[in-house]
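The values are calculated or read from the model by the stated rules, or taken from the named source; none is laboratory data. Being a predicted model, the structure only gives us computed values, none of them experimental. Here the Cβ is made from the backbone with ideal geometry for all residues, glycine too, and neighbour counts use every protein chain on show. Surface areas here come from the heavy atoms of the whole protein model, side chains and all, with no ligands, DNA or RNA. Shrake-Rupley method; radii C 1.70, N 1.55, O 1.52, S 1.80 Å.
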Amino acid sequence: MNKKRRLKNSLAGMVVALGVASVEADPSAGGLEGFSPGAAAAQMQLEQRFDSDLSAAEQRSWMQQMASEPNHVGSAHDKANAEFMLQKFREWGWDASIETFSVLYPTPREVLVELVAPTHFTANLREPPIEGDSTSSKTQDELPAYNVYGADGDVTADLVYVNQGMPDDYKELERRGLSVKGRIVLARYGGGWRGLKPKLAYEHGAIGCLIYSDPRDDGYGAGDTYPKGGYRPRDGVQRGSVQDLVLYTGDPLTPGVGSTPGAKRLAIKDAKTILKIPVLPISYGDAEPLLAALGGPVAPAAWRGGLPLTYHLGPGPAKVHLKVVSDWTQKPLYDVIAKIRGAQEPDRWIVRGNHHDGWVFGATDPLAGNIALMAEAKSIGNLLKQGWRPRRTLVYASWDGEEPGLLGSTEWAETHGDELKAKAALYINSDTNSRGYLDAEGSHSLQRFVSQAARDVKDPETGASVLERAIARKRVEDYEGGHGDAGGHGDAGTELSLGALGSGSDFTPFLQHLGVNALNLGFSGEAEYGVYHSAYDSFDHFRRFVDPTFEYGVALSKVVGRLVLRAAQADLLPAHESDFADSVATFTDELHKLADGMRVKTRELDSLLDDGVYKLAMDPQHVREAPPRDGTVPYLDFSDLDNAIVKLKASAKAFDKEYARVAAADDARAAAERDRINAALTVLEGSLTDSHGLPGREWYQHMIYAPGLHTGYGVKTLPGIREAIEERRWEEANRYVGVVAHALDAYSARLDHAVSAQ
């Protein structure tokens with residue numbers, strides 16, 4: 001996962017000047033979602049005890065050990081790390097075990113990229129040691145830089161530069177009369193998930209794909225390169241999966257079922273998420289000679305990167321030989337699963353996860369998040385030894401195989417799917433973690449819940465609350481982006497604006513396949529981090545440029561620890577359903593505007609074409625055809641969805657009122673009423689799933705949140721409708737209006753039942 005956001009100016013010291021409400025000034029500052037006032041006070045005391053056992057020095061020590069050797073799936077150190085965590089969990093008092101799965105995980109035997117015309121150049125495809133980085137010379141057990149789940153192949157063809165290799169880039173090439181059919185494409189990282197680049201290249205007829213990191217994006221164009229600074233050096237390579245995860249995640253051979261010994265497996269040739277052409281990542285040092293050898297038209301201005309050359313499109317005269325030969329065998333996964341059984345509600349689970357496998361050493365991604373998880377588990381274990389027991393069952397998981405395609409979390413979730421649907425009330429995920437501001441995404445009924453946890457943790461750098469700092473950052477970004485003081489649903493001065501979840505980390509199988517309420521959290525925004533998925537994502541890089549004091553690891557443990565403990569302990573599971581209703585109403589408004597905007601643009605294009613404007617505006621020496629006409633945009637019937645939103649808002653308002661009443665109740669009926677509310681909330685998110693899934697990808701069953709077909713990691717809200725509109729599939733759009741409305745009506749009905757069954 002790579003969601004780093006940066007500000008041009010530091011926000012330190014700006015909280016008061018911006019007028020962000022302080023914790024003391026917030027009238028709800030003492031309240032905790034789902035707790036009575038007396039229980040809230042006891043919970044705050046528990047959390048102080050939890051905090052007292054967190055140690056930055058301990059997190060540093062764990063990272064140094066776990067990032068000391070290559071840590072990819074199937075490596076000896078990956079297994080050693082799992083066994084180390086198992087020992088620690090048991091030492092801390094958890095009931096822990098390693099759950100293993102066997103998955104298809106191809107590794108390269110031979111990789112080659114060479115320029116064969118008009119001159120000769122062989123790409124290095126290696127990341128050399130860097131002075132001052134103690135692990136960069138440990139290459140014996142390191143895999144070559146590669147993209148897992150691309151095809152094997154040995155191809156030679158003309159090269160074409162396709163910018164970021166996204167759909168609009170191919171439309172631009174077509175307007176210029178350029179085809180990639182029978183050719184090898186060179187794409188730069190960015191614009192969308194890497195796996196879409198070779199997939200789209202194949203769909204347009206290409207026979208091979210190279211992907212490079214341009215220095216404009218995360219190299220010297222962003223800042224000083226490693227080791228002087230934290231950004232990608234000339235030979236740094238971004239590895240990564242190109243599995244077609246928008247179809248399904250996990251083992252390509254066992255879609256929908258756990259990859260256990262008796263599982264039925266597809267033949268490799270029948271696995272839909274394995275790509276059809278060879279693909280390799282290369283450094284900008286290796287990309288420069290290839291780009292320099294290209295002829296043809298000069299690339300559009302927005303396509304030009306930071307290398308000291310003129311970017312041409314090709315095809316040719318550059319001709320490239322690309323070869324990939326892999327070992328297509330099964331490899332073991334080691335999921336570390338630790339549990340503490342709930343004292344009063346053992347069949348309601350709060351699940352917490354982070355992965356432990358990396359592409360090489362994996363300090364920032366994922367060990368920065370994993371050591372925060374370990375610190376939480378140790379502190380909770382100490383509470384356990386002091387006689388405390390959680391109301392609900394805690395499940396802590398350190399996943400294996402996230403980097404290749406969310407393998408460990410998916411196989412575990414699919415194996416235990418029925419039990420998770422019935423018992424898992426919440427899944428809380430982290431992944432990378434660095435210095436800066438809290439980023440949080442998840443199910444929007446949890447926005448207030450997350451805000452309260454962020455309110456009660458101090459930011460290590462400013463002394464303000466994590467919440468204040470996140471709100472300050474958003475207000476500055478909104479102003480500088482020209483959008484005014486736009487906030488999230490709820491009070492923009494006192495709550496986070498919770499993002500929606502796409503994909504790219506281990507929450508995906510829980511939320512979007514099983515329908516389990518989910519959150520994803522981490523700090524980012526201030527680190528010098530340009531070594532994503534490279535051998536330089538190391539302990540030495542982390543301690544210099546990412547979180548030198550490891551205090552943001554402690555801050556993450558404090559925020560997530562509060563979420564875990566509060567979800568486990570509260571009389572009522574966390575929920576504020578009006579936030580969810582308002583969010584879905586916003587998503588629906590966006591669909592109306594999307595369809596209306598497309599209608600206007602279609603009419604404008606027709607007018608331009610009818611008037612011959614493009615022909616007159618064209619430079620006859622540089623032919624660029626007019627865009628093709630689009631069909632008429634009909635008026636879609638959103639009435640079922642609009643009516644479902646009206647119903648949802650009313651049901652959510654009534655539920656929130658009943659929730660507040662039951663949370664404050666202290667009479668003989670209170671226990672039964674709380675159980676009624678909790679029973680509804682445990683399975684409520686599942687109402688938003690449909691067993692038929694999304695069009696062409698039935699594994700994704702959530703009707704509100706999904707990764708986009710052409711975004712990969714990026715979210716599409718109300719995806720069945722939104723993507724049908726974007727792709728001009730009008731019958732499908734109308735059909736999914738009904739599907740989504742039905743899901744929302746089922747959600748509202750469960751809210752109504754929880755209110756009325758008293």
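Tabulated values for the structure
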item	result
Residue among 434, 443, 465 that alone is modelled with pLDDT of 95 or more and more than 30 Å from residue 541 (Cα to Cα)	443
Every pair of residues 6+ apart whose Cβ atoms lie under 9 Å, when the first sits in region 707-729 and is free of Cβ contacts under 8 Å to residues at least 12 places away in the same chain and more than 27 Å from residue 402 (Cβ to Cβ) while the second is open to solvent by 30 Å² or more (accessible area, probe 1.4 Å) and of a type in the set (A, V, I, L, M)	727/709
Single match in 155, 103 (criterion: touching a Gly at 6+ places or on another chain (Cβ under 8 Å) and under 22 Å from residue 331 (Cβ atoms))	103
Yes/no for residue 80 being touching a Gly at 6+ places or on another chain (Cβ under 9 Å), among the small types (Gly, Ala, Ser) and not in a loop (DSSP other than H, G, I, E, B)	no
Residues (among the aromatic types (Phe, Trp, Tyr) and either within 13 Å of residue 372 (Cα to Cα) or at pLDDT below 95 (or both)) located in region 538-559	550, 552
Filter result for residue 211 (under 22 Å from residue 283 (Cβ atoms) and under 23 Å from the mean Cα position of the chain (by Cα))	yes
First in region 293-307 and at pLDDT 95 or above, second anywhere and small (Gly, Ala, Ser) and surrounded by 12 or more Cβ atoms within 10 Å (Cβ to Cβ), Cβ under 7 Å, 6 or more apart	293/318; 294/314; 294/318; 295/314; 295/316; 296/314; 306/219; 306/221
Pair list, Cβ < 8 Å and 6+ apart or interchain, from region 527-554 residues that are under 17 Å from residue 461 (Cβ atoms) and in contact (Cβ under 8 Å) with a residue 40 or more places away in the chain to residues that are open to solvent by less than 10 Å² (accessible area, probe 1.4 Å) and among the charged types (D, E, K, R)	527/547; 553/547
Some residue of region 105-114 being open to solvent by less than 10 Å² (accessible area, probe 1.4 Å), touching a His at 6+ places or on another chain (Cβ under 8 Å), closer than 30 Å to residue 317 by Cβ and assigned to a strand (DSSP E or B)	yes
Residue match in region 579-596 (condition: outside any loop (DSSP other than H, G, I, E, B), open to solvent by 30 Å² or more (accessible area, probe 1.4 Å) and closer than 21 Å to residue 660 by Cβ)	yes
Odd one out for residue 415, checked against (1) farther than 26 Å from residue 77 by Cβ; (2) open to solvent by 10 Å² or more (accessible area, probe 1.4 Å)	(1)
Inter-residue pairs, beta-carbon under 7 Å, first at positive phi and in region 86-109, second open to solvent by 40 Å² or more (accessible area, probe 1.4 Å) and assigned to a helix (DSSP H, G or I), 6+ apart	93/385
Matching residues, region 501-546, being within 16 Å of the chain's Cα centre (by Cα), among the hydrophobic types (A, V, I, L, M, F, W, C), under 25 Å from residue 62 (Cα atoms) and assigned to a loop (DSSP other than H, G, I, E, B)	507
Enumeration of residues in region 189-223 that are among the small types (Gly, Ala, Ser), surrounded by fewer than 24 Cβ atoms within 10 Å (Cβ to Cβ), within 24 Å of residue 503 (Cβ to Cβ) and in contact (Cβ under 8 Å) with a residue 60 or more places away in the chain	192
Number of positions in region 597-622 that are open to solvent by 90 Å² or more (accessible area, probe 1.4 Å) and among the hydrophobic types (A, V, I, L, M, F, W, C)	1
The listed residue being of a type outside the set (Asp, Glu) and either touching a His at 6+ places or on another chain (Cβ under 8 Å) or at pLDDT 95 or above (or both), out of 584, 623, 613	584
Filtered residue count, region 418-455, keeping only those that are assigned to a loop (DSSP other than H, G, I, E, B) and either open to solvent by less than 10 Å² (accessible area, probe 1.4 Å) or in contact with a Ser or Thr (Cβ under 7 Å, 6 or more places away or on another chain) (or both)	5
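Per-residue answers, yes or no, for (1) more than 21 Å from residue 325 (Cβ to Cβ); (2) at pLDDT below 95; (3) within 24 Å of the chain's Cα centre (by Cα):
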{"residue": "67", "(1), (2), (3)": "yes, no, yes"}
{"residue": "70", "(1), (2), (3)": "no, no, yes"}
{"residue": "81", "(1), (2), (3)": "yes, no, yes"}
{"residue": "108", "(1), (2), (3)": "no, no, no"}
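Condition check ((1) at positive phi; (2) in a helix (DSSP H, G or I); (3) surrounded by fewer than 20 Cβ atoms within 10 Å (Cβ to Cβ)) across all residues:
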site	(1), (2), (3)
564	no, yes, no
626	no, no, yes
633	no, no, yes
640	no, yes, yes
653	no, yes, yes
